[in-house]
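Here the structure is laid out as structure tokens; the discussion comes afterwards.
The values are calculated or read from the model by the stated rules, or taken from the named source; none is laboratory data. In this text the structure is predicted, and so the values were computed from the model without any measurement. Ideal geometry is used to build each Cβ from the backbone, glycine not excepted, and the neighbour counts take in all protein chains shown.
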Amino acid sequence: MTVSAPWERRVHFSIEVGQFIALVVAVVVDLVSTGGHSESLFAMGVATIYVLGSAAVPEEWYHIRFGAEAITLMGAFLTVVAITLTGGPSSPYLLLSMGPPIFATLYGGIRSGLMTALLSAGLLALVTLSQDLELVDAAPAMALYLVFVLLVGVIRKLLEDIHQQAADLAVEKESATQRLENLQEIHEILVRLSQDVSAGRLNAVEVGAETLDTILTRLPGSAGKLAIEGDNGLVVLAARGVPDPDGQVNQIPIKTADSAVGMMELVTPQPLAEEDHAAVEAYLRPLGIAFANLQLLQDIAGSAVAEERLRLAREMHDDIGPSLASLGLSLDLAAMQNAKDIELVSDLKVLRSNVTKLVEDVRAKVADLRSTPGPTLTARVLQATSGFNGRPVIVVDIDERRPPRPALIADLTSIVTEAVRNAHKHSSASSILVSGRIHRDWGNCRVEDDGVGFDPEYEPDGHFGLLGMRERADKLGATIDFVSNEGVGTTVTIEWGNR
């Protein structure tokens, strides 16, 4: 059922007040002029019933089908009865007969008001003629019907226009407020980008991860994956959240004015609303510019950076490496020459151990410098697990701010992939979650499943998966932990480096 607009309620109330005043005046005039004979008292009762009845009728009834017509038609007949009993066109209740046409105009428009006015005018003409009076006596009242209908119709139109303009302004205000909020969020993203540039932290992984976090904060319950165009296709930079198998998949390009630089895959519980889709595109717009600029900088500075990396690798290998090796031999010789001094030999062995560690670090740094930067760990794990068909579902949700060093990333990928493979093959789980946090030299990764579990201390003959994972972790100086309970699931955690 339609609810009256605020302006309709105010006008309705004003008309009711006017009718009560007209009723009081008519009753007083009638009593003074007639002395209160029976017909006058009956007309007074009919007029009172009309006024009180029109006040008691809920406004919603005027909005139902033929509601306004039925109510005003009944009002027209009641008022004409009161007029007939008290002198026709000279009746003190004549002003009350203006009420039904006014209500009809208010709720049905000028056309409905004119029809009710014509009905009231016709009834008044019949009453006038039945009392052997001239129609000219009723002409002023008939003209008033038309005047009131036109006046209320104009007022109604003006109020409708004002109400519509106010509604349009409210919608525009809400839309403008939403655009301002989106612009504010975009501004914050740009501020963070500028801060990253100033601090020298600007790289594609951090930029993509921060933008993805911002978008998923706006869309609770959603999951997303963000990739950038590389030499061999899309390279995943960040993945967040556990996608709903029944969710809506939205693929939104990351682009500049000239070309596409990447793609975002967003899985939402419900279809993405138009305003949310526009907001996500707005968030991705500065990201596209940032990616394009990063790619341009890499193209411009790529050869120079590669040459500088090779130069540093050669110097470390040719100068620092031999110097450390010579120092190690000198310490060995000193220990041999002073074999009888146990305390000195012990100190020399500690120094020798530290030199050996330095040599290993130099070799690792040289390997890093000579390695060509490749995909992130997230991208490598996604690529390695993409061939695992069927259940369980594999979700990769790694907060990878900066990829691990090249000397680490290959073995880390192997460990994580082996853990996922074991869970996929043996756990009978419904889902596998790969999560963690990585920032260059330190990080952690977890592979969790909700399967049947196993005994980490037992490895069948001919199976070397767990042993290989432990050996790779030892090689990296990392720790690996297996936590498993039968019927609950398994969690494999690997940690490396220090913050």
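It is to be established whether one or more residues within the stretch 149-162 are surrounded by fewer than 17 Cβ atoms within 10 Å (Cβ to Cβ), among the small types (Gly, Ala, Ser), over 12 Å from residue 287 (Cα atoms) and at pLDDT 80 or above.
No, the stretch 149-162 has no match at all.
One residue is enough: does the stretch 48-70 have a residue meeting the conditions surrounded by fewer than 21 Cβ atoms within 10 Å (Cβ to Cβ) and touching an Asp or Glu at 6+ places or on another chain (Cβ under 8 Å)?
Checked against the condition, which is being surrounded by fewer than 21 Cβ atoms within 10 Å (Cβ to Cβ) and touching an Asp or Glu at 6+ places or on another chain (Cβ under 8 Å), the stretch 48-70 yields at least one hit.
Going by the structure shown, is residue 287 within 23 Å of the chain's Cα centre (by Cα), modelled with pLDDT under 75 and either within 18 Å of residue 214 (Cα to Cα) or not assigned by TED's automatic domain parsing to the domain that holds residue 223 (or both)?
Numbers: within 23 Å of the chain's Cα centre (by Cα): yes; modelled with pLDDT under 75: yes; either within 18 Å of residue 214 (Cα to Cα) or not assigned by TED's automatic domain parsing to the domain that holds residue 223 (or both): yes.
Against the criterion (within 23 Å of the chain's Cα centre (by Cα), modelled with pLDDT under 75 and either within 18 Å of residue 214 (Cα to Cα) or not assigned by TED's automatic domain parsing to the domain that holds residue 223 (or both)), residue 287 qualifies.
From (1) at pLDDT below 85; (2) of a type in the set (Asp, Glu); (3) under 55 Å from the mean Cα position of the chain (by Cα); (4) under 24 Å from residue 121 (Cβ atoms), pick out the condition that doesn't hold for residue 30.
Failing condition for residue 30: (3).
Inside the stretch 141-156, can you point out the residues that are free of Cβ contacts under 8 Å to residues at least 24 places away in the same chain and either touching a Gly at 6+ places or on another chain (Cβ under 7 Å) or not β-branched (Val, Ile, Thr) (or both)?
Step one: list which residues in the stretch 141-156 are free of Cβ contacts under 8 Å to residues at least 24 places away in the same chain, which gives 142-143, 147, 151, 154.
If the condition is that a residue be free of Cβ contacts under 8 Å to residues at least 24 places away in the same chain and either touching a Gly at 6+ places or on another chain (Cβ under 7 Å) or not β-branched (Val, Ile, Thr) (or both), then 142, 143, 151 are the ones that fit.
Being assigned to a helix (DSSP H, G or I), loosely packed, with under 14 Cβ neighbours inside 10 Å and of a type in the set (A, V, I, L, M) is the filter here; which residues of the stretch 1-24 pass it?
Across the stretch 1-24, the qualifying residues are 17, 21, 24.
Those residues that are modelled with pLDDT of 85 or more and among the polar types (S, T, N, Q), I need them from the stretch 446-499; list them, please.
Result: 479, 484, 490, 491, 493.
Please work out which residue is farthest from residue 144 (Cα to Cα), limiting yourself to the stretch 52-98 and to residues that are of a type in the set (Val, Ile, Thr) and part of a helix (DSSP H, G or I). Break it down stepwise before answering.
Let us first name the residues in the stretch 52-98 that are of a type in the set (Val, Ile, Thr), namely 57, 64, 71-72, 79-81, 83-84, 86.
Then drop every residue that is not part of a helix (DSSP H, G or I), which leaves 71-72, 79-81, 83-84.
Numbers: 71: 21, 72: 17, 79: 15, 80: 15, 81: 19, 83: 16, 84: 18 Å.
Here the answer is 71.
Looking only at the stretch 344-354, decide whether some residue is small (Gly, Ala, Ser), modelled with pLDDT of 75 or more and out of contact with any helix residue (DSSP H, G or I) (no Cβ under 8 Å at 6 or more places or on another chain). Let's see the steps before the verdict.
So the first thing to find is which residues in the stretch 344-354 are small (Gly, Ala, Ser), and the list is 346, 353.
Checking which are modelled with pLDDT of 75 or more leaves us with 346, 353.
Okay, now just the ones that are also out of contact with any helix residue (DSSP H, G or I) (no Cβ under 8 Å at 6 or more places or on another chain), so 346, 353.
Yes; the residues of the stretch 344-354 include at least one that is small (Gly, Ala, Ser), modelled with pLDDT of 75 or more and out of contact with any helix residue (DSSP H, G or I) (no Cβ under 8 Å at 6 or more places or on another chain).
Does the stretch 427-437 contain at least one residue that is surrounded by fewer than 19 Cβ atoms within 10 Å (Cβ to Cβ) and modelled with pLDDT under 85?
no
It is to be established whether one or more residues within the stretch 106-123 are of a type in the set (S, T, N, Q), part of a helix (DSSP H, G or I) and either more than 25 Å from residue 65 (Cα to Cα) or not assigned by TED's automatic domain parsing to the domain that holds residue 24 (or both).
So in the stretch 106-123, the residues of a type in the set (S, T, N, Q) come out as 112, 116, 120.
From the residues that got through so far, the ones that are part of a helix (DSSP H, G or I) too are 112, 116, 120.
Remaining after also requiring either more than 25 Å from residue 65 (Cα to Cα) or not assigned by TED's automatic domain parsing to the domain that holds residue 24 (or both): none.
No; the residues of the stretch 106-123 include none that is of a type in the set (S, T, N, Q), part of a helix (DSSP H, G or I) and either more than 25 Å from residue 65 (Cα to Cα) or not assigned by TED's automatic domain parsing to the domain that holds residue 24 (or both).
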